[in-house]
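One structure is given below, encoded as C-alpha cells.
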Amino acid sequence: MRRPSAKCTFSPIRVVRAAELALTAGLVGHAAATPYQQAHWAYALVELEDECRHSRMFARMIGTYGLRPRPPLWWQRLGVRIAAMLDDPLRLFAAALVVVELTDAFQRVAMTDETIHPITRQISRIHVIEEARRIKYAREELKRQVVHRSAVRRRVGGAMMARLTRTLLDTMIRPDRYRAVGLDPEFARRTALRSPHRRQVERWALAKCVRFFHEVGMADGRARAAWVKVGPLPDELARGDR
C-alpha cells in the first residue's frame, strides 16, 4: 500500500518516551537475571546505553522546540514499573518489537519528508539507523526464547502482545489534540478509531512485526484470533495464507 503521510501518523513523543523508559526498565531486569559471564548480559548493557541516550535525545528535542513537557500518564508510570518487575524475556522482547517496529515504520517516512522540521527529520534518521540493530537483537533473542516454550505459552504470549498492540495504537489518539484545533475531542477520537484508513495504516506499520510473530508461533493457532480481533494482521495472514 502507499505509505502514509508522516505529518498525520507520526506517533506522539510522550508515547515514545514512555515506551523507551519501559524497555529500559525491562532490560535492567533482564540483565539482572543473566549471569555476568554471558555475552547476552554484556549486550543487554549496550542496548541499555542506547535506550538511555535516545531518551535524552527526545527530551532535548522537546526542549529545543520550546514545548511544554507533559507528565507521564498513570498507566504509563505503571507500565514502566511492571516492565522493571517482569522476569519473562519472551514478553519483554516481543513487546520491544511491537514498539520499536511501529515507531520505526513512521520514522522512516518522517526522515524523508521535506515538509517536516529538519531537527525532527534528523532525529528520526538517527533513531532508524540505531534501532535497526535493536530490532535484530530483539528478534534473535525472541527466537532463542520460543525454542524453550510450549506452543500454548507461545500463543498465550502472542495473544497478550495483540492486546498490548491495540492499547498502544489507541493511545496514540489524543483527544486533547483535537480540542486544540477546534474539534469535539470525543467525537473526533471515535471517528478516528473507526477509520478504515487508520486501520490500513496500522496494518502497514506492523506488517513486518506481525509476520515475524507468525513465523515464531506467536500469531498462529489460537493467538491468530486475538490478532484478527485487534486489527493489524496483514491481509495474507488474516485470510489464512501461508
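The values are calculated or read from the model by the stated rules, or taken from the named source; none is laboratory data. Computed from a prediction, not measured in an experiment: that's the story for all the values here. No Cβ is skipped: glycine too gets one built from the backbone with ideal geometry, and neighbour counts run over all protein chains shown. In case anyone asks, the SASA skips ligands and DNA or RNA and just uses the protein heavy atoms, side chains included. Shrake-Rupley method; radii C 1.70, N 1.55, O 1.52, S 1.80 Å.
Per the listing LEU164, LEU142, LEU169, LEU233, the residue uniquely among the aliphatic types (A, V, I, L, M) and in contact with an Asp or Glu (Cβ under 9 Å, 6 or more places away or on another chain) is LEU169.
Suppose the filter is surrounded by 15 or more Cβ atoms within 10 Å (Cβ to Cβ), touching a Gly at 6+ places or on another chain (Cβ under 6 Å), on the phi < 0 side of the Ramachandran plot and at pLDDT 90 or above; does ARG154 pass it? Here the answer is yes, as ARG154 does meet what is asked.
Summed over region 169-191, the residues that are part of a helix (DSSP H, G or I) and either open to solvent by less than 90 Å² (accessible area, probe 1.4 Å) or among the β-branched types (Val, Ile, Thr) (or both) give a count of 11.
Going by the conditions given, is GLU114 farther than 20 Å from ALA44 by Cβ and either surrounded by 18 or more Cβ atoms within 10 Å (Cβ to Cβ) or not hydrophobic (A, V, I, L, M, F, W, C) (or both)? Taking the combined requirement at face value, the residue satisfies it. Screening LYS208, LYS229 for residues that are open to solvent by 60 Å² or more (accessible area, probe 1.4 Å), over 22 Å from VAL152 (Cβ atoms) and assigned to a helix (DSSP H, G or I) leaves exactly one candidate, LYS208. Being farther than 23 Å from ALA25 by Cα and at pLDDT below 90 is the filter here, so list the residues in region 68-119 that pass it. ARG68, the sole residue that qualifies. Residue selection: GLU130 satisfies the criterion of being surrounded by 13 or more Cβ atoms within 10 Å (Cβ to Cβ) and either assigned to a helix (DSSP H, G or I) or out of contact with any Leu (no Cβ under 9 Å at 6 or more places or on another chain) (or both). Might you let me know whether region 158-168 holds any residue that is part of a helix (DSSP H, G or I), more than 19 Å from the chain's Cα centre (by Cα) and farther than 14 Å from LYS229 by Cβ? No, there is no match, as no residue in region 158-168 is part of a helix (DSSP H, G or I), more than 19 Å from the chain's Cα centre (by Cα) and farther than 14 Å from LYS229 by Cβ. The selection criterion, being under 18 Å from the mean Cα position of the chain (by Cα) and within 25 Å of ARG108 (Cα to Cα), holds for ARG199.
Of all the numbered requirements in (1) modelled with pLDDT under 85; (2) surrounded by fewer than 20 Cβ atoms within 10 Å (Cβ to Cβ); (3) not acidic (Asp, Glu), ALA22 misses one, and that requirement is (2).
The residue that is farthest from GLN145 (Cα to Cα), counting only those in region 211-226 that are buried (at least 20 other Cβ atoms within 10 Å of the Cβ) and among the small types (Gly, Ala, Ser), is ALA226. A single entry from ARG224, ARG194 fulfils the requirement of being in contact with a helix residue (DSSP H, G or I) (Cβ under 9 Å, 6 or more places away or on another chain) and among the basic types (Lys, Arg): ARG224. Considered as a group, the residues in region 189-214 that are touching a Phe, Trp or Tyr at 6+ places or on another chain (Cβ under 7 Å) and modelled with pLDDT of 90 or more include one that is farthest from ASP235 (Cα to Cα), and that residue is ALA205.
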